[in-house]
């Protein structure tokens, strides 16, 4: 039985590579798979305007992908 999950995930992409993954999801299962489908692509400026509290997510780290949960 599948169930709906709310909110979103941000993949920050620079030069064609994912540099950060930030999850803003509700109701994680104890075990299972969360299947995500992208619905929007923003420029960095569009993201800043539409996600005013998430500017810190755009800071990249060249050594590894940051997977974070808020």
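The values are calculated or read from the model by the stated rules, or taken from the named source; none is laboratory data. Just so you know, these numbers come straight off a predicted model, no measurement behind them. Here the Cβ is made from the backbone with ideal geometry for all residues, glycine too, and neighbour counts use every protein chain on show.
Quick check on segment 43-50. Is at least one of its residues modelled with pLDDT of 85 or more and surrounded by 13 or more Cβ atoms within 10 Å (Cβ to Cβ)? Yes, because at least one residue in segment 43-50 is modelled with pLDDT of 85 or more and surrounded by 13 or more Cβ atoms within 10 Å (Cβ to Cβ). The set of residues from segment 21-30 being within 10 Å of the chain's Cα centre (by Cα) and over 13 Å from residue 51 (Cβ atoms) comprises 21, 23, 25.
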